[in-house]
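A quick write-up on the structure given underneath.
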Amino acid sequence: MIKLLNGGAYLVNGTEIVEDNAESLAAIKSKTGKEVAKAEAAKQTIAYGILADHNTSGNMDKLKIKFDKLTSHDITFVGIIQTARASGLQKFPMPYVLTNCHNSLCAVGGTINEDDHMFGLSCAKKYGGVYVPPHQAVIHQFAREMLAGGGKMILGSDSHTRYGALGTMAVGEGGPELVKQLLNQTYDINMPGVVGVYMTGEPVKGVGPQDVALAIIGAVFANGFVKNKVMEFVGPGVSSLSADFRIGVDVMTTETTCLSSIWRTDDEIKEFYEIHGRKEEYKELNPGEVAYYDGMIMVDLSKIRPMIAMPFHPSNTYTIEELNANLMDILDETEKRALVSLDGAVDFNLKNKVKNGKFMVDQGIIAGCAGGGFENICAAADILKGRYIGSDGFTLSVYPASMPVYMELIKNGCAATILETGAVMKTAFCGPCFGAGDTPANNAFSIRHSTRNFPNREGSKLQNGQISSVALMDARSIAATAANQGVLTPATEFDGELNKYKYHYDSNIYANRVFDSKGVADPDVEIQLGPNIKDWPAMGALPENLVLKVVSEIHDPVTTTDELIPSGETSSYRSNPLGLAEFALSRKDPMYVGRAKEIQKAEKARMEGQKPCEAVAEVADVMKAVREKFADADSTNTGFGSTIFAVKPGDGSAREQAASCQKVLGGWANIANEYATKRYRSNLINWGMLPFLIQEGELPFKNLDYLFVPGIKAAVENKTEVIKAYVVKENNLTAFDLKLGELTDEERQIILKGCLINYNRV
């Protein structure tokens with residue numbers, strides 16, 4: 001299905017691949033009659049052209065990007081706007097869309113969810129933005145329908161900000177990066193590598209976009225093949241895919257840890273823009289005659305078969321046929337792998353789902369930015385037609401991604417077909433993706449056409465003995481399983497017809513309900529603040545030296561942002577920095593918050609001119625040992641705080657709160673072997689935290705140890721490559737090395753100031 005070319009490759013005339021080797025340039029000359037240089041060919045990718053158009057630095061190696069538009073949802077826009085307000089925001093300088101698709105149920109925490117929505121509406125009026133009310137659209141579907149444009153760039157505060165199939169290079173980042181854009185600053189990155197995704201053939205009946213996406217994720221996640229790179233979809237196979245199909249593959253590229261994505265465009269995409277009344281936004285995009293890619297992913301669409309990503313990661317992939325043929329072996333392997341993620345906190349069993357040799361599923365969900373598309377739901381309706389999901393434990397819920405999609409499903413009869421089966425149709429909502437909707441029963445197994453199946457999502461609370469398992473599948477195979485009343489079934493076994501439905505977009509739905517300021521700000525509007533909406537607490541600048549207490553030590557191969565700050569019901573508190581921080585690491589290390597707050601007492605005492613040792617007694621012994629070697633270190637120049645160690649933190653969501661919750665609890669740093677994503681590392685930096693790196697191997701410290709980092713302020717200022725730190729134990733200092741990795745000058749200043757707010761505060 002998938003083949004990887006590791007050494008780079010040239011794409012000639014969009015149809016022929018020449019692997020990068022000693023003979024490649026001569027081979028290209030024989031085909032084109034032209035001399036080609038690799039450096040020039042690298043400029044012929046679609047990605048390079050779009051980045052060049054948006055770069056303000058004048059240096060394509062060091063990019064400073066200005067985006068065309070911004071988008072956020074209701075568990076991110078409050079913190080973003082509060083940060084920007086604290087930094088002097090007067091007006092949104094570009095179109096900024098505030099959608100309400102995460103806390104839209106308003107079911108937890110009293111009035112606070114709707115308070116956040118009213119905050120968003122008042123800010124859209126005051127600063128000149130767009131406000132999309134709850135249940136109208138999930139963030140990414142609205143962006144596809146109303147924001148995307150050929151050759152444009154969009155920045156969103158959600159990791160699945162991906163509109164590459166429509167010719168728009170989109171990036172999902174933590175909130176502070178949107179704050180920078182709102183303050184007319186830039187998105188600063190090195191020129192990313194570009195990896196081609198060369199598609200041939202066409203999918204067989206029953207194979208959908210999630211199947212293609214999962215096959216790619218399974219091939220590239222573990223080896224980091226596209227990490228922090230741009231995935232560029234090319235090749236003749238692209239033309240065999242509808243716009244909806246391409247969108248469904250594209251949104252899942254986030255799970256590869258790539259930076260962004262872009263596709264070549266054609267008449268299918270032109271028609272998409274025409275249907276949505278925005279034909280002027282279409283732009284034909286193709287790579288140049290000879291384009292160089294840093295790697296190539298070869299995808300034969302005709303060989304893709306229905307896939308399943310087993311718990312607890314989208315890269316844990318098998319074909320459904322393979323799983324059914326090797327049930328007990330694969331389930332045993334999955335259970336063993338889960339022991340690492342779940343820390344043995346619960347009795348996790350999948351083999352008990354096997355009845356009479358068949359794997360029985362408890363729940364099906366088709367939802368959100370990945371599953372809730374028009375074609376996915378129409379295909380599910382065709383497969384389900386005339387069938388029933390039964391009256392036992394199996395349930396099926398379907399969430400169209402926008403109200404216009406829902407309306408068309410009603411008009412063409414697909415909604416009625418689905419409802420007749422015993423399934424439930426619901427409004428546009430992202431809850432099933434992040435753990436706030438259709439939470440399954442303890443030990444239940446849910447199959448979902450959504451984006452993620454990490455541990456500690458979908459209602460799992462290990463500390464309470466609760467565990468739910470989510471597997472990712474395509475809507476077609478979910479429907480086939482539902483038609484079989486919960487027996488895991490690939491859609492390729494469906495022998496009926498899958499019809500091609502014409503989509504008619506009703507523009508009045510948004511015109512009559514969405515608030516659009518047309519970019520006109522009204523400074524007289526008073527912002528509506530609910531009682532849960534709090535300002536960020538004051539944060540101090542980086543001191544000359546640091547004493548850090550290690551308050552959590554995580555040795556999982558990858559630590560997700562869901563484990564750093566849980567999603568689900570805690571999302572209601574994201575407009576309250578201190579309230580949310582109480583949940584930090586709660587499902588991974590319940591002792592973290594108490595330990596972090598304890599050492600934070602020393603820093604609070606220091607900032608108030610008191611003695612840190614009187615607030616935290618053990619600090620006295622630590623400082624006594626430190627002064628044996630560093631006599632000048634004292635409370636006037638030495639700060640106190642916490643750090644965590646994790647092997648590879650930050651996979652998954654763009655949520656800045658994974659970092660900011662640590663910061664408001666007194667965190668000064670993370671220490672890691674590597675960072676899973678750029679966006680998590682950026683979040684640390686923007687909240688004034690040091691993104692330390694330590695060489696893989698046995699750690700020189702352990703949990704609850706104290707570390708001393710002398711001269712850290714000077715090290716940041718002077719761009720010191722290797723930073724000497726010390727473990728303070730039993731009146732001794734034991735040295736070890738840390739690194740910070742590459743930092744821009746602006747990032748260094750943000751760390752020195754203590755956070756982005758301090759950096760920008762007038």
Tell me, which residue of the stretch 28-69 that is of a type in the set (Val, Ile, Thr) and assigned to a helix (DSSP H, G or I) is surrounded by the fewest Cβ atoms within 10 Å (Cβ to Cβ)? Thr32
Considering only the stretch 708-716, I want to know if a residue exists there that is at pLDDT below 95 and over 33 Å from the mean Cα position of the chain (by Cα). no
Exactly one condition in (1) modelled with pLDDT of 95 or more; (2) assigned to a helix (DSSP H, G or I); (3) surrounded by 19 or more Cβ atoms within 10 Å (Cβ to Cβ) is not met by Ile330; state its number. (1)
Mind counting the residues in the stretch 103-130 that are assigned to a loop (DSSP other than H, G, I, E, B) and closer than 17 Å to Val514 by Cβ? 3
If a residue counts only when it is surrounded by fewer than 24 Cβ atoms within 10 Å (Cβ to Cβ) and acidic (Asp, Glu), which helices (runs of 4 or more DSSP H) contained entirely in the stretch 663-762 have at least 1 such residues? 712-717, 745-753
When the stretch 603-660 is checked residue by residue, the ones that are touching an Asp or Glu at 6+ places or on another chain (Cβ under 8 Å) and in a loop (DSSP other than H, G, I, E, B) are Val616, Asn637, Val647, Lys648, Gly652, Ser653, Ala654
Counting only residues that are under 20 Å from Gly150 (Cβ atoms) and in contact with a Pro (Cβ under 9 Å, 6 or more places away or on another chain), give me the helices (runs of 4 or more DSSP H) lying completely in the stretch 194-288 with at least 1 of them. 243-250
What pairs come out if I take residues in the stretch 255-266 that are without any contact (Cβ under 8 Å) to a residue 40 or more places away in the chain and pair them with residues that are assigned to a loop (DSSP other than H, G, I, E, B) and of a type outside the set (Phe, Trp, Tyr) whose C-beta lies under 8 Å away, six or more apart or interchain? Asp266/Glu284
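Listed here are the residues, each with its yes/no results for (1) free of Cβ contacts under 8 Å to residues at least 40 places away in the same chain; (2) within 19 Å of Gln600 (Cα to Cα); (3) not in a loop (DSSP other than H, G, I, E, B).
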position	(1), (2), (3)
Glu497	no, no, no
Tyr501	no, no, no
Ile509	no, no, yes
Val525	no, no, no
Ile533	no, no, no
Pro543	no, yes, no
Leu548	no, yes, yes
Ser552	no, yes, yes
What's the number of the condition Pro557 fails, among (1) crowded, with 24+ Cβ neighbours inside 10 Å; (2) within 20 Å of the chain's Cα centre (by Cα)? (1)
If we keep only residues of the stretch 685-731 that are small (Gly, Ala, Ser) and touching a strand residue (DSSP E or B) at 6+ places or on another chain (Cβ under 7 Å), then the residue farthest from Tyr675 (Cα to Cα) is Gly711
Within the stretch 406-437, of all residues that are closer than 19 Å to His504 by Cα and of a type in the set (A, V, I, L, M, F, W, C), the one surrounded by the most Cβ atoms within 10 Å (Cβ to Cβ) is Ala428
Please go through the stretch 324-347 and give me each residue that is within 18 Å of Leu472 (Cα to Cα), out of contact with any strand residue (DSSP E or B) (no Cβ under 8 Å at 6 or more places or on another chain) and either assigned by TED's automatic domain parsing to the domain that holds Thr161 or hydrophobic (A, V, I, L, M, F, W, C) (or both), ordered by number. Ala338
Examine the stretch 353-367 for a residue that is surrounded by 22 or more Cβ atoms within 10 Å (Cβ to Cβ) and of a type in the set (S, T, N, Q), and state whether such a residue exists. yes
So Gly79 ticks every box in (1) over 18 Å from Ala170 (Cβ atoms); (2) surrounded by 14 or more Cβ atoms within 10 Å (Cβ to Cβ); (3) modelled with pLDDT of 90 or more; (4) assigned by TED's automatic domain parsing to the domain that holds Tyr198 but one. Which box is left unticked? (4)
Over 23 Å from the mean Cα position of the chain (by Cα), modelled with pLDDT under 95 and not basic (Lys, Arg): does that describe Gly641? no
Residues (β-branched (Val, Ile, Thr) and at pLDDT 90 or above) located in the stretch 566-595: Val593
Can you name the residue in the stretch 576-621 that is of a type in the set (Lys, Arg) and farther than 20 Å from Ala658 by Cα and is also surrounded by the most Cβ atoms within 10 Å (Cβ to Cβ) among such residues? Arg606
Any chance the stretch 403-414 includes a residue that's over 30 Å from Glu553 (Cα atoms), outside the structural domain of His555 (by TED's automatic domain parsing) and of a type in the set (Lys, Arg)? yes
For the stretch 381-405, which positions are surrounded by 19 or more Cβ atoms within 10 Å (Cβ to Cβ) and of a type in the set (Phe, Trp, Tyr)? Phe394, Tyr399
May I ask you to say which residue of Glu23, Glu114, Glu16 is within 25 Å of the chain's Cα centre (by Cα), acidic (Asp, Glu) and surrounded by fewer than 24 Cβ atoms within 10 Å (Cβ to Cβ)? Glu114
Checked against (1) at pLDDT 95 or above; (2) among the β-branched types (Val, Ile, Thr); (3) in the same structural domain as Gly666 (by TED's automatic domain parsing); (4) farther than 30 Å from Ala633 by Cβ, Val525 satisfies every condition except (3)
Residues in the stretch 368-386: is at least one out of contact with any His (no Cβ under 6 Å at 6 or more places or on another chain), polar (S, T, N, Q) and not in a helix (DSSP H, G or I)? no
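The values are calculated or read from the model by the stated rules, or taken from the named source; none is laboratory data. In this text the structure is predicted, and so the values were computed from the model without any measurement. Methodologically, a virtual Cβ is constructed for each residue, glycine included, from the backbone with ideal geometry; neighbour enumeration extends over all protein chains shown.
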